[in-house]
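The values are calculated or read from the model by the stated rules, or taken from the named source; none is laboratory data. For clarity, every value in this text was computed on a predicted model and none was experimentally measured. Cβ atoms come from the backbone with ideal geometry, glycine included; neighbour counts cover every protein chain shown. We work out accessible area using only protein heavy atoms, side chains counted, and drop any ligands, DNA or RNA first. Shrake-Rupley method; radii C 1.70, N 1.55, O 1.52, S 1.80 Å.
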Amino acid sequence: MEAERKRGSRQETPVVDTDVLVVGAGPVGLTAAAELRRQGAACRIIDRLPARLPYAKAVGVQPRTLEIWDRMGMVRAALEAAVPLRGQVMYADGVEQARFELRLPPEVPYAFAALPQYETERIIEEHLARFGTGIERGTELLDFTQDEDGVVSRIATASGAREELRSRFLVGCDGAHSTVRKKLGLTFEGGAFPEEYMLADVEVDWSLPEGYGVRSLHHDADGRVDDALVCIPLPGDRRYRMSMLVPPELSTRGQNAARGETPHGLEGGRAPRLEHIQAVVDRLSPEPATASALRWSSVFRISHRLVDRYAAGRVFVAGDAAHIHPPTGAQGMNTGIQDACNLAWKLALALDGGAHPRLLDSYDAERRPVGEEVVGRTVRHATAGGVQSAKDDRATVMLREAQLLVAYPDSPLTANGAGPADADSPAPGDRAPDCRGLTTGLAMTPLRLYDLLRDRGHVLVLYADSADALTACRDTAAATGRLTGGTLPAFLVAAREADTATAVHVPAGADGRHLPVFRDEAGEFARLYGAKGAAAFLIRPDGYLAARLTRLAAGETEPALADALGRVFRL
């Protein structure tokens with residue numbers, strides 16, 4: 001049991017067992033726990049299952065998720081285990097109709113990837129273990145109560161013992177049938193699709209292009225889809241996660257209707273056998289092929305639901321506990337991982353005592369609109385023929401599916417006092433883009449901006465393109481030190497024409513610190529951020545731009561900085 005953390009000279013009462021109890025050790029719960037521990041918070045993570053499930057359920061990993069894992073310091077393991085998703089080939093009635101390429105702008109650092117969910121869980125679990133925290137398996141949340149100071153959870157351990165655990169916060173990442181959501185009394189409105197599907201993890205000996213998914217449909221005489229096969233490539237030799245309509249002999253609809261249930265996800269009915277999979281492959285494969293090496297299979301149902309709020313008091317929900325929807329575009333797990341990252345840094349700051357009193361309110365304000373948009377979009381795509389049915393231009397569709405367009409312009413944390421220099425530059429609330437070509441006298445090869453942000457919290461990035469701009473940036477760094485007690489990391493990106501030394505020293509009032517300086521050799525930072533003159537960019541731990549200040553001048557900088565920082569921190 002982790003000891004209570006003490007902050008400053010104040011003893012917290014009553015004594016707690018841990019800062020945060022995370023319920024559920026899927027990708028979302030593991031992300032929440034890992035990010036809490038990275039940010040210095042204590043947590044325990046429990047899961048009712050005795051072991052990780054060997055199912056390739058969620059398999060698509062979006063570029064935005066890889067960026068988050070980069071910031072957390074764990075992307076390398078994912079890159080070693082995953083395979084690229086290059087696109088999708090679409091067939092109708094045996095004829096190729098289109099080839100959908102998954103292409104992103106060159107400045108985006110990561111591509112679309114495929115990784116079985118159990119591998120995703122392994123990678124995050126191993127990352128979490130580096131902080132000395134492991135999953136308490138076979139442990140189930142039975143009930144909880146909360147008060148102004150914390151949450152008391154009643155749990156059943158793997159040994160069958162009953163325990164009470166007191167935490168300052170509780171995070172429910174316990175899936176579509178969430179105990180946390182139900183005990184909290186949140187609504188979960190939505191509907192269900194009537195169709196049932198089979199899922200299977202198999203190898204297939206066709207000659208279709210590597211890295212491409214397959215979507216093959218058959219239409220009846222009236223033009224309606226009456227048969228479907230969707231295949232997503234997985235790591236391995238011609239290995240795919242296949243989904244298809246369930247045959248009548250495996251249907252559980254009658255059983256569920258009799259029980260009055262509308263299930264979501266994998267069901268415990270009869271598992272499809274290889275001959276069921278082969279029958280669909282025989283009907284819909286673009287070329288003769290044999291399926292083999294069946295690793296697992298299940299019957300699958302789809303619902304679409306959204307919780308009415310993501311938090312109540314000291315208890316929060318994330319991932320499938322808050323939103324479920326069709327798997328079209330591989331949005332679910334990735335959205336949940338972003339929920340967890342968004343919440344974790346805020347909880348850690350609140351626990352440390354340095355947060356604005358209303359900081360935690362921003363979790364629902366930021367993430368519930370995202371969940372609502374994802375549920376609506378995936379339902380539209382599922383009923384209209386897939387992601388390619390979207391009406392936007394192809395580039396916008398790709399950025400949205402990659403989750404690179406998620407933004408928080410209306411968040412209470414977003415300082416909108418100074419907007420972008422042009423329409424193509426990131427505004428406050430937008431994702432902070434990566435850029436390449438940053439040089440320093442110490443690194444013999446150019447660096448990426450994300451290299452400098454990795455494994456940090458909030459960071460202030462300053463930009464200067466002249467000697468006068470350098471002076472303004474130095475004064476801004478000093479003002480930041482006064483406002484935050486010198487705890488906010490900062491560095492300066494200087495244009496080639498700026499007259500800089502290897503470091504810019506700030507006044508002694510900021511403890512004599514200096515600003516590391518990196519040259520924007522290729523001008524990519526200036527181009528992607530719309531940076532001119534002297535400018536400052538406050539970047540959040542989850543990689544979003546909290547503020548951009550483009551008028552760094554005496555008498556103007558400190559009030560603007562205080563507004564931006566005061567939305568997050570207790571100044």
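Of the residues that sit in the range 336-376 and are open to solvent by 10 Å² or more (accessible area, probe 1.4 Å) and among the acidic types (Asp, Glu), which one is modelled with the lowest pLDDT?
Checked the range 336-376; the qualifying residue modelled with the lowest pLDDT is ASP352.
Give me a count of the residues in the range 205-225 that are part of a strand (DSSP E or B) and either in contact with a Phe, Trp or Tyr (Cβ under 6 Å, 6 or more places away or on another chain) or at pLDDT below 90 (or both). Spell out the reasoning first.
Of the range 205-225, the ones part of a strand (DSSP E or B) are 212-219, 225.
Checking which are either in contact with a Phe, Trp or Tyr (Cβ under 6 Å, 6 or more places away or on another chain) or at pLDDT below 90 (or both) leaves us with 216, 225.
Qualifying residue count, the range 205-225: 2.
Can you give me the number of residues within the range 226-240 that are open to solvent by 30 Å² or more (accessible area, probe 1.4 Å), part of a strand (DSSP E or B) and touching a residue at least 24 places away in the same chain (Cβ under 8 Å)?
Count: 1.
Say we look at the range 513-563 and pick out the residues that are of a type in the set (A, V, I, L, M, F, W, C) and under 24 Å from the mean Cα position of the chain (by Cα); which of these is nearest to LEU452 (Cα to Cα)? Steps first, answer last, please.
Step one: filter the range 513-563 for residues of a type in the set (A, V, I, L, M, F, W, C), giving 515, 517-518, 522, 525-526, 528, 531, 534-539, 545-547, 549, 552-554, 560-562.
Those still in the list that are under 24 Å from the mean Cα position of the chain (by Cα) too: 528, 537-539, 545-547.
On the way: LEU528: 16, PHE537: 14, LEU538: 14, ILE539: 12, LEU545: 15, ALA546: 17, ALA547: 18 Å.
Among those residues, the one meeting the criterion is ILE539.
Can you pull out every residue in the range 72-104 that is open to solvent by less than 20 Å² (accessible area, probe 1.4 Å) and within 17 Å of ILE337 (Cα to Cα)?
Answer for the range 72-104, where residues must be open to solvent by less than 20 Å² (accessible area, probe 1.4 Å) and within 17 Å of ILE337 (Cα to Cα): MET72, MET74, VAL75, ALA78.
In the range 41-57, which residues are charged (D, E, K, R) and either more than 16 Å from LEU128 (Cβ to Cβ) or in contact with a Lys or Arg (Cβ under 8 Å, 6 or more places away or on another chain) (or both)? Let's see the steps before the verdict.
Narrowing the range 41-57 to residues charged (D, E, K, R): 44, 47-48, 52, 57.
Answer for the range 41-57, where residues must be charged (D, E, K, R) and either more than 16 Å from LEU128 (Cβ to Cβ) or in contact with a Lys or Arg (Cβ under 8 Å, 6 or more places away or on another chain) (or both): ASP47, ARG48, ARG52, LYS57.
Which residue out of TYR118, TYR55 is touching a residue at least 24 places away in the same chain (Cβ under 8 Å), aromatic (Phe, Trp, Tyr), open to solvent by 50 Å² or more (accessible area, probe 1.4 Å) and closer than 19 Å to THR335 by Cα? Break it down into steps so the answer makes sense when it comes.
Numbers: TYR55 fails: closer than 19 Å to THR335 by Cα.
Only one candidate qualifies: TYR118.
Condition first: touching a Cys at 6+ places or on another chain (Cβ under 8 Å) and assigned to a strand (DSSP E or B). Now tell me which residues in the range 446-493 satisfy that. Before you say what the answer is, go through the steps one by one.
Restricting attention to the range 446-493, the residues satisfying the condition of being touching a Cys at 6+ places or on another chain (Cβ under 8 Å) are 448-449, 462-464, 492.
Listed by number, the residues that qualify are LEU462, TYR463, ALA464, LEU492.
What strands (runs of 3 or more DSSP E) lie completely within the range 60-171 and have 3 or more residues being more than 30 Å from VAL16 (Cα to Cα)?
Numbers: elements: 87-92, 95-101, 135-137, 140-146, 151-156.
Per the criteria, 87-92, 95-101.
Only one of these conditions is not met by LEU294: (1) more than 18 Å from GLY175 (Cα to Cα); (2) part of a loop (DSSP other than H, G, I, E, B). Which number is it?
Here LEU294 meets the rest and fails (2).
Return yes or no: is THR487 modelled with pLDDT under 95, under 30 Å from ILE337 (Cα atoms) and open to solvent by 60 Å² or more (accessible area, probe 1.4 Å)? So that I can check it myself, show each step before the final result.
Numbers: modelled with pLDDT under 95: yes; under 30 Å from ILE337 (Cα atoms): yes; open to solvent by 60 Å² or more (accessible area, probe 1.4 Å): yes.
Against the criterion (modelled with pLDDT under 95, under 30 Å from ILE337 (Cα atoms) and open to solvent by 60 Å² or more (accessible area, probe 1.4 Å)), THR487 qualifies.
Quick check: is even one residue across the range 14-21 open to solvent by 10 Å² or more (accessible area, probe 1.4 Å) and either touching a helix residue (DSSP H, G or I) at 6+ places or on another chain (Cβ under 7 Å) or modelled with pLDDT under 50 (or both)?
Checking the range 14-21: not a single residue is open to solvent by 10 Å² or more (accessible area, probe 1.4 Å) and either touching a helix residue (DSSP H, G or I) at 6+ places or on another chain (Cβ under 7 Å) or modelled with pLDDT under 50 (or both).
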